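Enquirer: Got a structure for you, questions after.
The values are calculated or read from the model by the stated rules, or taken from the named source; none is laboratory data. All figures in this text were calculated on a predicted structure; none of them were measured in a lab. With ideal geometry, Cβ positions are generated from the backbone for all residues, glycine too; neighbour counts draw on all protein chains shown.
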Amino acid sequence: MILLPPDLRIALRTNDAAHRAAQRREEVEPDPVPVLKLFNPLGPATWLATELDADGDTLFGLADLGFGCPELGSFSLAEIADVRLPFGLRIERDPAFASEHPLSVWADTARRAGSILHAEALLRRLLPGTTLQ
């Protein structure tokens, strides 16, 4: 499966451009909604991405390798795509992923819950614009 189809690439690049424009204007940086979810079909590793750098490889978002400490940061699409799992499996893109919650809500919820997977279950129950207390 292609990890990054053209429509997602455009959405990620648009978010990156908005982020950089806000930095140049010294404005509050945007808090976009994640548009891409990658996951390990055999384990807990999950990545949510909001931005793609001009290099076409560096994603920004929330990474959770399954150790109980999801972190905001950058990660390489090429490195994720190169991961080889048992039984010929690879890291996959979740084509059904959609969210109404911005990355900051995902990050806060995932840190409190201990994983992106647990955060996803919690956030499904929340109304848009609300947060966990």
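Results for (1) on the phi < 0 side of the Ramachandran plot; (2) touching a Lys or Arg at 6+ places or on another chain (Cβ under 7 Å); (3) not hydroxyl-bearing (Ser, Thr, Tyr), shown as yes or no for each residue.
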| position | (1), (2), (3) |
| --- | --- |
| Gly56 | no, no, yes |
| Leu59 | yes, no, yes |
| Phe67 | yes, no, yes |
| Pro70 | yes, yes, yes |
| Ser74 | yes, no, no |
| Glu79 | yes, no, yes |
| Pro95 | yes, no, yes |
| Thr109 | yes, no, no |
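Enquirer: Before we move on, is Ala63 part of a strand (DSSP E or B) and over 19 Å from Pro6 (Cα atoms)? Reasoning before the result, please.
Expert: On the way: part of a strand (DSSP E or B): yes; over 19 Å from Pro6 (Cα atoms): yes.
So Ala63 fits the description; yes.
Enquirer: Then there is this: How many residues, within region 36-59, are over 22 Å from Arg84 (Cβ atoms), in contact (Cβ under 8 Å) with a residue 40 or more places away in the chain and touching a Ser or Thr at 6+ places or on another chain (Cβ under 9 Å)?
Expert: Qualifying residue count for the region: 2.
Enquirer: Which residue is modelled with the lowest pLDDT, if the candidates are limited to region 2-26 and must be assigned to a loop (DSSP other than H, G, I, E, B), out of contact with any helix residue (DSSP H, G or I) (no Cβ under 8 Å at 6 or more places or on another chain) and on the phi < 0 side of the Ramachandran plot? Let's see the steps before the verdict.
Expert: Looking only at region 2-26, we keep the residues that are assigned to a loop (DSSP other than H, G, I, E, B), and these are 2-5, 25-26.
Then drop every residue that is not out of contact with any helix residue (DSSP H, G or I) (no Cβ under 8 Å at 6 or more places or on another chain), which leaves 2, 5, 25-26.
Next, only the ones that are on the phi < 0 side of the Ramachandran plot stay: 2, 5, 25.
Working: Ile2: 61, Pro5: 91, Arg25: 95.
Going through the qualifying residues, I end up with Ile2.
Enquirer: Filtering region 58-71 down to residues that are of a type outside the set (A, V, I, L, M, F, W, C) and modelled with pLDDT of 95 or more, which residue is surrounded by the fewest Cβ atoms within 10 Å (Cβ to Cβ)?
Expert: The first filter runs over region 58-71 and keeps only residues of a type outside the set (A, V, I, L, M, F, W, C), leaving 58, 61, 64, 66, 68, 70-71.
Adding the requirement that they be modelled with pLDDT of 95 or more leaves 58, 61, 64, 70-71.
Details: Thr58: 16, Gly61: 27, Asp64: 23, Pro70: 28, Glu71: 14.
That would be Glu71.
Enquirer: Please pick out the residue among Ala22, Ala63, Ala54, Ala17 that is hydrophobic (A, V, I, L, M, F, W, C) and within 18 Å of Leu123 (Cα to Cα). Break it down stepwise before answering.
Expert: Details: Ala22 fails: within 18 Å of Leu123 (Cα to Cα); Ala54 fails: within 18 Å of Leu123 (Cα to Cα); Ala17 fails: within 18 Å of Leu123 (Cα to Cα).
Step by step, each of Ala22, Ala63, Ala54, Ala17 is checked, and only Ala63 is hydrophobic (A, V, I, L, M, F, W, C) and within 18 Å of Leu123 (Cα to Cα).
Enquirer: Restricting to region 1-22, give me the number of residues that are loosely packed, with under 10 Cβ neighbours inside 10 Å and among the polar types (S, T, N, Q). Spell out how you get there, then give the answer.
Expert: Pass one, region 1-22, residues loosely packed, with under 10 Cβ neighbours inside 10 Å: 1-2, 6-7.
Filter again for among the polar types (S, T, N, Q), leaving none.
Total satisfying the criteria: 0.
Enquirer: Then there is this: Which of the residues belonging to region 48-57 are within 13 Å of Leu8 (Cβ to Cβ) and touching an Asp or Glu at 6+ places or on another chain (Cβ under 7 Å)? Let's see the steps before the verdict.
Expert: Kept after step one, since they are within 13 Å of Leu8 (Cβ to Cβ), are these residues of region 48-57: 48-52, 56.
Those that are within 13 Å of Leu8 (Cβ to Cβ) and touching an Asp or Glu at 6+ places or on another chain (Cβ under 7 Å): Glu51, Leu52.
Enquirer: A further question on this structure: Could you list, in sequence order, all residues of region 74-96 that are surrounded by 15 or more Cβ atoms within 10 Å (Cβ to Cβ) and within 19 Å of Pro32 (Cβ to Cβ)?
Expert: Phe75, Leu77, Arg93
Enquirer: For residues that are in a loop (DSSP other than H, G, I, E, B) and at pLDDT 95 or above, scanning just region 104-128, find the one that is nearest to the chain's Cα centre (by Cα).
Expert: Taking region 104-128 and keeping what is in a loop (DSSP other than H, G, I, E, B), we get 114-115, 125-128.
Of the ones still in play, those that are also at pLDDT 95 or above are 114-115.
Details: Gly114: 16, Ser115: 13 Å.
By that ranking, first place goes to Ser115.
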